[in-house]
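In what follows, a single structure is set out as structure tokens and then discussed.
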Amino acid sequence: MKLMRTLYGRISLTFLLLLVVMGGLQVFISVKSSVNYVCEASQKLNFSLAKGLANACAEFLRDSIDYKAINETMSHLQLINPGVNAYMLDQSGKIIAHFMGEDDLKRQVIDPTPINKFLADDAYQKLPIFGDDPRSLTRKKVFSVAPINFGFNQSSGYLYIVLVSARDELAGDGIWGSYILSTSALLLITTLLFGAASGLFLFFFLTKRLHEMTGVVKKFEKGQYTQRVPVGAEDEVGQLGIAFNHMAETMQNIMHDLERVDRLRREMVANISHDLRSPLASIQGYIETVLMKDEKLSTQERQAYLETILKNVNNLNRLVQQLFELSRLDARESEPIMEPFSIAELTQDVGLKFQPQAQDKNLRLTTQFPMNLPLVYGDIGMIERVLSNLIENALQYTPAGGKIVVELIPEFRAVKVVVCDSGIGISQDDLPHIFDRFYRVEKSRTRSSGGSGLGLAIAKKILETHDSSLAVKSTINAGSSFSFTLTTSKSDFNLS
Ligand code: ADP
């Protein structure tokens, strides 16, 4: 019963049933056609039997039916062909006399339609023709018939000879021992055995692969995401295996991504809490000191404490703003408003904005670009943010006396923006991580100096919305160079 619930069991049973039905049908058809063939052969062989006998008996019908003479003539025939029965019929098929048999007639009238068919010109081609057997109410037999004349009453009729039919010979016990049946049965059994064996073998291998697949899918379900289906032949089952493997690959990647995102999320929460806690603790400490000492503090000390508090508040403000900006970019809430603008003008403005800071740190900040630079296509506010973040970093990580160059290089249908500094550089180990959120090369130093580790992540995200990317080259103690490209505006395409 359990077997019947499996695909193998069901396919096998259906297949075996089909084999048996087909085999039975084959035997039935071959026996029937063989019997018909034998009947046809017998009727063809005896086609003119009635005609010959009618000629031989013609003289015994002149004055009356001479039973004695006719029986004698027919006894010769029975020697050769025992079992034949002869009847004389009138025109309507009514039996007038019968010979060579016992008096056990079951019908008195023979259906004349087969007789007429037999006497037609093309009868020989249409054999076997079956006619009524007077010794049975239902049985039909092959026969031979010929017209005869009854001299005594000037009428005509038929001499109707019922042949020993193959059907009778094969009927009853006879058929079971017949050559046709035993050959057919042997053929059937061989076909069945061979078909069944090869079918079961084939289905076994087909379902075995499905079984293997089910095993793999179950393991996968239990969390073994590295499990893959052996593909083998590239038939339908193989295709299913390939499709499953693709799906498993995708799911494995998704799981990895989810794990990574989850890890990042936890790290981010930890980083945010830490970055909020330090300035808050500092603010709290200074405020408490101011409140406690109050009168005892000199004006300069009070001023210094308040300035530190303000610096921490600014840092907090900056961090919250950056987080807000990043989350809006993540949620695609701040989509860029793309418009053509002069990157040369923007670079000059941003350069000017940072000039005081550069001078304070004794750094040389310059901008370089050729004349007639084409307009670029992008969100001017967002690109200003990217430039500012990169220049801010360069200012922060370049020691006094160093230089920072913002260069614009025209390219094919684009302008490349490069922010280059002669600063401390970034090690090759850190380079792949600097765009990660909250990643700082030297954690303690950058924290104390206010770096949140979000500046590059924001820049990268903004450039992604512009179908661009942020590239970096850096050598430790020699400097870093950050670059990205912006496509030239649509109006520029029209001009060129
Ligand atoms: P942060 O606010 O800390 O500067 P960023 O995301 O802008 O955060 O930068 C991440 C890290 O990459 C920084 O902590 C710093 O270590 C390194 N970095 C960024 N720009 C430069 C640079 N121009 N020179 C050296 N290191 C840099």
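Rule-based calculations on the coordinates, nothing more; no lab input. Here the structure is a predicted model, which is why all the values come from computation and not from measurement. Cβ: placed from backbone, ideal geometry, glycine included. Neighbour counts: every protein chain shown.
Using only the Cα atoms, what convex hull volume per residue in Å³ does region 1-130 have?
Expressed per residue, the convex hull around the Cα atoms of region 1-130 is 193 Å³.
What ranking do 210-216, 120-126 get when scored by the average of other Cβ atoms within 10 Å per residue, highest first?
Sorting 210-216, 120-126 by mean packing, highest first, produces 210-216, 120-126.
So, how do all the Cα-to-Cα distances of the chain break down into 10 Å bins, in percent, from 0 on up?
For the chain, the pair-distance distribution reads 3, 12, 13, 10, 8, 6, 6, 5, 5, 5, 6, 7, 7, 4, 2, 1, 0, 0.
Could you tell me the extents of region 248-311's C-alpha atoms along the three principal axes, largest first, rounded to whole Å?
71, 16, 7
Pairs of Cα atoms under 8 Å, at least six residues apart: use those to get the relative contact order of region 192-326, whole percent.
14
What percent does the relative contact order of the chain come to when contacts are Cα pairs within less than 8 Å and at least six residues apart?
It comes to 10 percent, rounded to a whole number.
So what is the 222 nm mean residue ellipticity for the chain from helices alone, if each DSSP H run of at least 4 adds -39500 (n - 2.57) and you divide by all residues, rounding to the nearest 500 deg cm²/dmol?
After summing the helix terms and dividing by the residues of the chain, the value is -18500 deg cm²/dmol.
Go through Pro399, Val162, Ala185 and say which Cα lies farthest out towards the positive end of the charge dipole of the chain; charges sit on Cβ, +1 for Lys and Arg, -1 for Asp and Glu.
Pro399
May I ask what percent, to the nearest 5, of DSSP beta bridges between residues of region 314-468 are antiparallel?
70
Taking the Cα centre as origin and putting +1 on Lys and Arg beta-carbons and -1 on Asp and Glu beta-carbons, what dipole magnitude results for the chain, to the nearest 20 debye?
The dipole magnitude comes to about 1000 debye.
Share of Cα-Cα pairs in region 304-457 beyond 22 Å, in percent?
Here the tail beyond 22 Å accounts for 50 percent of pairs.
Just to be sure I follow the rule: in region 1-139, considering lysines 8 or more places apart or on different chains, how many pairs have Cα atoms under 18 Å apart?
So the count of such lysine pairs works out to 7.
How about region 207-298: which chymotrypsin sites (Phe, Trp or Tyr not before Pro) there lie in a loop by DSSP and see at most 13 other Cβ atoms within 10 Å?
Here no chymotrypsin sites (Phe, Trp or Tyr not before Pro) fit, given the DSSP loop and packing criteria.
Using a Cα-Cα cut-off of under 17 Å, which lysines could be cross-linked to Lys353, ignoring same-chain neighbours fewer than 8 residues away?
Lys361, Lys403
Arrange the following residues from fewest to most other Cβ atoms within 10 Å of their Cβ: Thr250, Thr465, Thr487, Thr6.
By the 10 Å Cβ count, ascending, the order reads Thr250, Thr6, Thr465, Thr487.
Return the Rg/Rh value of region 338-414, two decimal places, where both radii are evaluated on C-alpha atoms and Rh is the Kirkwood radius.
1.00
By a straight-distance test (C-alpha under 27 Å), which lysines pair with Lys293 as possible cross-link partners, with residues fewer than eight away in the same chain excluded?
Straight-distance partners of Lys293: Lys311.
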